[in-house]
């Protein structure tokens, strides 16, 4: 069984669009809050957590809704199209509010924008496992994350060239930057719409997964097979259909997701401010560090997908979590800028790629074919819950203890996730190892 890489990449245009937006959001919104509206770090963390508060409710809701949706375009595509259209219109109100120094317009536009993004994130992410056979999902997720990284890099590049000083010579004008990201989002979703026939591909993949599940069940001891068959016959999907052992592993995986996002998001949410305030450098320098990390991740997604085939998802996540903990701990040793930091951010990118490629597939591996969207919602519920808490908690810690508290805080949170992921016993499938490096890029027949 081979992964259709070209088709998976086209599916990944939805995630490319999403990641381009969130890179813009995390980089620019904290700067607007701090330098235009003079919002302190603690309250700024509250504002930055609003997207995650909304997502905590919207992502499971729209993941489950898309599971039950049946249209000519499929289950996920209508949500992706509608959500992107609304987001593109609303996001361009933010630089207008910034230029007009209108905090009410900024907050209202931001709230509506975050609702729009929440309506289609779960459907967009669930599209990959819908059209990718179970044994290939780690490699498929690697391609999806590669596409998302490209979206983030696009935003970082245009950020270096499309941010200009206003007429006063003091404040930045982000209008052209927001337009450039909006154009990419529209183009990406158009590619998805015209090149991915979701309904047809999902049916083909469902048939393959049924055969795969039957083959895997045949390998189980008779007692375990009977338990799994009894669980699958339960009327309700979701957690109720899982055996206690599998449910425990799922909750441990989701807890791990919570803690590594507690650490990672604490850094990414304020990093542009951190570079400007702590090191005395500018937005361009912050963009350079972020490009180094995302570039390293970009180079690692495919090799990590292949290594996961050999060593398993759990071991690769353990490696990534340990490396990310050490990297954040080392970041705390730098009180000022140093060229060595570029090497450190390479390690951050490698670590996050290793975690990202394998964590979501571990969750959906436990799901049934018909409720991938629901399990996608579980995944994002825990990740978004972390991203609600951590901007507020880390924001107030930085406000009262200084910016140097950020790195040890992030390292501690990620270290906790090493313990919880080590206790899991399910979701750790070993996808088929590619016969050659080129096979990872094989673009099978449509």
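The values are calculated or read from the model by the stated rules, or taken from the named source; none is laboratory data. As the structure is a prediction and not an experimental result, all values here were calculated from the model. As a convention, Cβ positions derive from the backbone with ideal geometry for all residues, glycine included, and neighbour counts pool all protein chains shown.
Which of (1) outside any helix (DSSP H, G or I); (2) in contact with a helix residue (DSSP H, G or I) (Cβ under 6 Å, 6 or more places away or on another chain) is the odd one out, the single condition residue 38 does not satisfy?
Against the list (1) outside any helix (DSSP H, G or I); (2) in contact with a helix residue (DSSP H, G or I) (Cβ under 6 Å, 6 or more places away or on another chain), residue 38 comes up short only on (2).
What single numbered condition from (1) touching a residue at least 60 places away in the same chain (Cβ under 8 Å); (2) buried (at least 22 other Cβ atoms within 10 Å of the Cβ) fails to hold for residue 113?
Checking residue 113 against (1) touching a residue at least 60 places away in the same chain (Cβ under 8 Å); (2) buried (at least 22 other Cβ atoms within 10 Å of the Cβ), the one that fails is (1).
Going by the structure shown, is residue 86 farther than 27 Å from residue 293 by Cβ, modelled with pLDDT of 90 or more and over 23 Å from the mean Cα position of the chain (by Cα)?
no
Take residue 195 and decide whether it is at pLDDT 70 or above and crowded, with 16+ Cβ neighbours inside 10 Å.
Taking the combined requirement at face value, the residue does not satisfy it.
Quick one: residue 331 ticks every box in (1) surrounded by fewer than 20 Cβ atoms within 10 Å (Cβ to Cβ); (2) modelled with pLDDT of 85 or more bar one, so which box is it?
All conditions pass for residue 331, except number (1).
Based on what the data block shows, is residue 433 at pLDDT below 80 and more than 22 Å from the chain's Cα centre (by Cα)?
yes
Can you pull out the residues in the stretch 87-110 that are free of Cβ contacts under 8 Å to residues at least 40 places away in the same chain and either crowded, with 17+ Cβ neighbours inside 10 Å or in contact with a strand residue (DSSP E or B) (Cβ under 6 Å, 6 or more places away or on another chain) (or both)? Talk me through it step by step, then tell me what you get.
Filtering the stretch 87-110 for residues free of Cβ contacts under 8 Å to residues at least 40 places away in the same chain gives 89-90, 93, 97, 100, 102, 104-105, 108-109.
Within the stretch 87-110, 90, 93, 97, 109 qualify.
So in the stretch 401-420, with the set limited to residues that are over 21 Å from residue 260 (Cβ atoms) and in contact (Cβ under 8 Å) with a residue 60 or more places away in the chain, which one is surrounded by the fewest Cβ atoms within 10 Å (Cβ to Cβ)?
404
Among the listed residues 295, 305, 263, identify the single one that is within 27 Å of residue 143 (Cβ to Cβ), surrounded by fewer than 21 Cβ atoms within 10 Å (Cβ to Cβ) and in contact with a helix residue (DSSP H, G or I) (Cβ under 8 Å, 6 or more places away or on another chain).
295
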